Amino acid sequence: MRDFIKSTRFKILLAFLAFLTGIMIYAVTKGGYSISGASFIQTITKPFRSFSNSIGMKIEGNLDKINNADEYYEENKRLKAQIGELNKQLTEYDALKAEVEELRKFVSIKEEHKDMILSQPCDVIGYTANDPFKSFTIDKGRADGIEPNCPVATAEGLVGITVEVSEHVTTVRTILSPDLSVAAVCSSSPADSGIIEGDILASENGCTKLSHVGTNNKIKPGSLMITSGSSGLFPKDYPIGTIKEMKYDVSGLSMCSVIEPCADITRLTSVIVIMNFNGKKEASE
């Protein structure tokens, strides 16, 4: 007996009893009432009961996963299939939306230039590798009525001209190229004209160059340059690009400017080929 009194277990038991006694005395002196044995036990054991309930719920959840693993697997497969189908529908919707937008642009060109015979919208297959002037190919060709030397454009502005035409594919030379010259006039002062042809330095920024402009011109930065139609190769009054800054050329006898095309030549996804127009018919006759 003496050994038990001196043991650690006895000391722990005594401390626990002292703790219980202290709780009871506190309850009586603080609240003016005593706590029943059942209430006291429930209060003391509440954290343990909450912990055991939590453990029980986790065990129950894990057992449910194990028992219904096949059902959950099939459900997961079904949901993944639904997500895949929804993503497919979303992709098709985006493609259809883009196609409708291109057709809307096509209609706007037809309405503004009723004299033109236009191809169906052509998708840009890809740009020519290592070409600083951004020549590209489209998915339409001779079978679609396209011939060499047909103007190529978007609703925003002139893009270039067809150069190599096969049955179903066509290569387009852009207005960034020095091998393509376009006679142009200023939309705000038609008396001021010049020649637009590509320049290697300007092409690095997706721009082209206007040259051979008279020194007494009224062209200002931001002015719009349009086709003059004088060559019969391009329709008249089609937008080309805007003036960046007018300056004297190397000779000092005329002026020039970098031109920012109305159409972003470096990021084309679809274009229209102008297969015929009134000026071209007259020129060919």
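The values are calculated or read from the model by the stated rules, or taken from the named source; none is laboratory data. It should be emphasised that the depicted structure is a prediction, and the values quoted were computed from it without experimental measurement. Note: ideal-geometry Cβ built from the backbone for every residue, glycine included; neighbour counts use all protein chains shown. Side chains included, ligands, DNA and RNA excluded: accessible areas come from the protein's heavy atoms. Shrake-Rupley method; radii C 1.70, N 1.55, O 1.52, S 1.80 Å.
Quick notes
- Loop-resident GluC sites (Glu not before Pro) (DSSP state other than H, G, I, E or B) in the range 135-179 with no more than 14 further Cβ atoms inside 10 Å of their Cβ: GLU156, GLU167.
- Flagged links, alpha-carbon separation over 25 Å, of LYS88/LYS140; LYS134/LYS218; LYS134/LYS209; LYS114/LYS244: LYS88/LYS140; LYS134/LYS218; LYS114/LYS244
- Solvent-accessible area, 1.4 Å probe, carbon plus sulfur percent, for the range 141-285: 48 percent
- Excluding ligands, DNA and RNA, the accessible surface per residue across the range 118-166 is 42 Å² with a 1.4 Å probe.
- For the range 185-285, the Kirkwood hydrodynamic radius from C-alpha pairs, put into Stokes-Einstein at 10 °C and a viscosity of 1.306 mPa s, yields a diffusion coefficient of 110 µm² per second.
- For the range 104-242, the calculated P(r), taken from all Cα-Cα distances in 5 Å bins from zero up to the bin holding the longest distance, is 2, 10, 19, 22, 20, 15, 8, 3, 1, 0 percent.
- A simple spin-label model places pseudo-atoms 7 Å from Cα toward Cβ; at HIS212 and SER231 they are separated by 0.9 nm.
- Rounded to the nearest 20 debye, the dipole size of the range 124-183 about its Cα centre is 80 debye, using +1 on the Cβ of Lys and Arg and -1 on the Cβ of Asp and Glu.
- Accessible-area value, TYR238, 1.4 Å probe, nucleic acids and ligands omitted, Å²: 10 Å²
- Relative protection proxy for 125-138, 263-276, from highest mean packing down: 263-276, 125-138 (other beta-carbon atoms within 10 angstrom).
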